[in-house]
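These notes concern the structure reproduced below.
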Amino acid sequence: MRLPDSIVLLFVLLLAGACWPGVAHSQIRRCAGPDGTSIFTDRRCQDIGSVERLPREPASGAAGASRIYSRGCARNLQDLVYELTTAIDSKDANRLASVYHWPGMSGSTGYQVLARLDGIVRRPLVDIVPVMPASPDGVDGDLYPQTSVRRAPVALRVEQTLANGSTPSRTVFGLQRHFGCWWVRL
């Protein structure tokens, strides 16, 4: 007995569909490491010694520290200082990296900068102070401010303490204006 050609063709197509390799879907998980830092992985959190973190949960110590804007950039210095403060207070190196001026940087230099940013977010924040340019006449503008001349800062000085809580630490970020946004650079 011979089967009709349409049934044989249907059987061959079903067999081929069953043998065809499927598309692998990987899920990115957000995990919290033992020290509270965020870890993004495609493995289970338990496999890397961490616990699952909900997608909208703020990092430890950052209650109420949600972003004012989404996927935007700091259009003014106040927004930039807010992002710096929030990144350091929440110990989030990725958030600090989101306001860093990366264009033109090599991969190896990028890893070095990211390691420095990670060290910065691990220290407690004391203050962020604008660094003003020197006046043309050589007189320090901080000592004798002129109300008629308004100058923008050239850098932001991040005042912190080391882990012991008393030894001061200072980082100066240069300011960069790029595509209508403010960025920091070391």
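Pick out, in residue order, every one of the trypsin sites (Lys or Arg not before Pro) in the range 71-132 that is DSSP loop and has at most 11 other C-beta atoms within 10 Å; say none if there are none. The partial results should precede the final answer.
Working: sites: 71, 75, 91, 95, 116, 122; in loops: 71, 75, 91, 122.
Of the trypsin sites (Lys or Arg not before Pro), the ones in loops of the range 71-132 whose Cβ has at most 11 other Cβ atoms within 10 Å are 71.
Give me the number: length gained by fully extending residue 186 to residue 76, i.e. 0.36 nm times residue separation minus the C-alpha to C-alpha distance, one decimal in nm.
Numbers: separation 110, 0.36 × 110 = 39.60 nm, distance 1.90 nm.
Using 0.36 nm per residue and subtracting the Cα-Cα distance, I get 37.7 nm.
Collect residues whose amide H, placed 1.01 Å from N in the peptide plane, falls under 5 Å from the amide H of residue 102; neighbours closer than 5 in sequence don't count.
Sorted by chain and number, the residues that satisfy this come to none at all.
Might you tell me the accessible area per residue for the range 74-114, computed with a 1.4 Å probe and given in Å²?
On the way: 2040 Å² over 41 residues.
On a per-residue basis, the range 74-114 sits at 50 Å².
Residue by residue through the range 160-167, what is 3J(HN,Hα) from phi via Karplus (6.51 cos²θ - 1.76 cosθ + 1.60, θ = phi - 60°)? Round to whole Hz and write x for glycine and proline.
9, 10, 6, 4, 6, x, 10, 7
Each label point is 7 Å from the Cα along the Cα-to-Cβ direction; what then is the distance between the points at residue 43 and residue 134, in nm?
Distance between the two pseudo-spin positions: 5.3 nm.
Sort 173, 40 by heavy-atom solvent-accessible area, probe 1.4 angstrom, most to least. Present the calculation step by step, with values, prior to reporting the outcome.
On the way: 173 0, 40 120 Å².
Heavy-atom accessible area, descending, gives 40, 173.
Amide H of residue 131: which non-local residues (sequence gap of 5 or more, or other chain) have their own amide H closer than 5 Å, using H built in the peptide plane?
154, 155, 156, 157
Ordering 77, 117, 186 by how much accessible area each has at a 1.4 Å probe, largest first, what is the list?
Numbers: 77 40, 117 0, 186 70 Å².
Output order, biggest surface exposure first: 186, 77, 117.
If ligands, DNA and RNA are left out, what is the accessible area of residue 183 with a 1.4 Å probe, given in Å² to the nearest 10?
The accessible area comes out at roughly 50 Å².
The values are calculated or read from the model by the stated rules, or taken from the named source; none is laboratory data. None of these values were measured; they are calculated from a predicted model. Neighbour counts are summed over all protein chains in view; Cβ atoms, including those assigned to glycine, are modelled from backbone coordinates with ideal geometry. When the accessible area is computed, the model is the full protein with side chains, heavy atoms only, and any ligands, DNA or RNA have been set aside. Shrake-Rupley method; radii C 1.70, N 1.55, O 1.52, S 1.80 Å.
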